[in-house]
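The values are calculated or read from the model by the stated rules, or taken from the named source; none is laboratory data. All values derive from a computational prediction rather than experimental measurement. When we count neighbours, we look across all protein chains shown, and the Cβ atoms used for this are built from the backbone with ideal geometry, even at glycine.
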Amino acid sequence: MTDLQSPLMLHARSPIHLVVPLRPGADLDLVRAQLSGAFAQHDHPVVWHVPRERGDIVHLAERAAEAARDSAGLLVAAGGDGTINAVAAAALNAGVPMGVVPMGTFNYFSREQGLAMDAETAVGQMLEAMRAGELRPVQVGYVNDRIFLVNASVGLYPRLLAEREQATRKFGRSRWVAMAAAVWSMLRPSAGRRWRVVVRTQQGGQMYEQEHVVTTLFVGNNPLQLEQVGLAQARSVAQGGLLAVVMLKPQGRWAMARTVWRAAAGHLQDDPAVLSLACAELSVAPAGWRKARVKVAFDGERERMEAPLCFKLHARPLWLVAPTELERLPEPGAATAQPAAVEPTGAPALVPA
């Protein structure tokens, strides 16, 4: 059962504990100037938390969360989905609410929550919501001991993220660079690994096991991202209590190009190489391996984890400070699917989506 107990209360002059990351291809001085100008317009106290190195973001977020708790302040992530992930984990552990100023490449979490993409507007909305006491609960996914707000995956997707990061270091941080790197990574040959998949359904906790040879297993917790590629499970995730599971079968380069095209056009549901379902809990391990450490991607970050991997929902929501009447912002120029409701009855079948 989800615990909806709200975190500590804020007041109109609660200090802002602002976490700003170091990102490849980004100008930190420019980011700080943007944020300084945005907060200066509201004459609000701000405590800056900036890491010395990129890898320090997790520990920095934890220290910022403790400071926010001790000062009855608001913990704020200024960045993309990876930064938001680190700050959200710290906020959950410390029992504090958080705010977001979107400054990433794709900003899936922020768009799903309807946050303004302009830093100045986002700061104004957040401070207005804080003064009005507006909080919203956000569903949080878990893979082993790591949370994810957008997605978590194994297989091809972690490699895609690594190559995208290399491209942004070389060519700069932009959406076009990220997309080009993703297409290049997807079209390269990739061997499939056999995964043992155990699914717990929403009805009665029924269990079943199947083995699949896949190049990627993707678990989604962001309806916007799922809608954009055209998966019916987007509605199940939006209604709460479920995660979307997508598995990609091994295929040749031209077949993979077809899959990439269908995903970009919002018709991934029609691809014969894709299996998808919605479930409450998922256990995944490489078949035939007693012990294994596998590379896992979660919200744009990567880490090796001990198998089996357990994907599930966190018992407590993340409490986000944001105006409650805002509607989700779609990705500019992206196709938006109109998914049909998909609810498992009994043991769900893994059928082509």
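In the stretch 11-23, the residues that are among the charged types (D, E, K, R) reach residues that are modelled with pLDDT under 85 with C-beta atoms within less than 7 angstrom, at least six apart or across chains, in these pairs: Arg23/Arg173. Looking only at the stretch 107-134, residues that are surrounded by fewer than 19 Cβ atoms within 10 Å (Cβ to Cβ) and under 24 Å from Trp48 (Cα atoms) come to 11 in all.
One residue is enough: does the stretch 85-101 have a residue meeting the conditions farther than 23 Å from Met9 by Cα and either touching a residue at least 24 places away in the same chain (Cβ under 8 Å) or not in a helix (DSSP H, G or I) (or both)? Checking the stretch 85-101: not a single residue is farther than 23 Å from Met9 by Cα and either touching a residue at least 24 places away in the same chain (Cβ under 8 Å) or not in a helix (DSSP H, G or I) (or both). Can you confirm whether the stretch 149-157 contains a residue that is under 30 Å from Glu281 (Cβ atoms), assigned to a helix (DSSP H, G or I) and at pLDDT below 95? Taking every residue of the stretch 149-157 in turn, at least one turns out to be under 30 Å from Glu281 (Cβ atoms), assigned to a helix (DSSP H, G or I) and at pLDDT below 95. Among residues of the stretch 57-84 being charged (D, E, K, R) and touching a residue at least 40 places away in the same chain (Cβ under 8 Å), the one that is farthest from Ser110 (Cα to Cα) is Arg69. Within the stretch 65-92, the residues that satisfy the criterion of being farther than 20 Å from Gly133 by Cα, modelled with pLDDT under 95 and not aliphatic (A, V, I, L, M) are Gly79, Gly80, Asp81, Gly82, Thr83. When the stretch 254-300 is filtered for residues that are polar (S, T, N, Q) and either in a loop (DSSP other than H, G, I, E, B) or at pLDDT 90 or above (or both), the ones remaining, listed by number, are Ser276, Ser283.
Restricting the stretch 64-84 to residues that are assigned to a helix (DSSP H, G or I) and touching a strand residue (DSSP E or B) at 6+ places or on another chain (Cβ under 7 Å), the residue that is surrounded by the most Cβ atoms within 10 Å (Cβ to Cβ) is Ile84.
Under the condition of being modelled with pLDDT under 50, over 25 Å from Gly82 (Cβ atoms), of a type in the set (Val, Ile, Thr) and surrounded by fewer than 17 Cβ atoms within 10 Å (Cβ to Cβ), the residues counted in the stretch 303-346 number 1.
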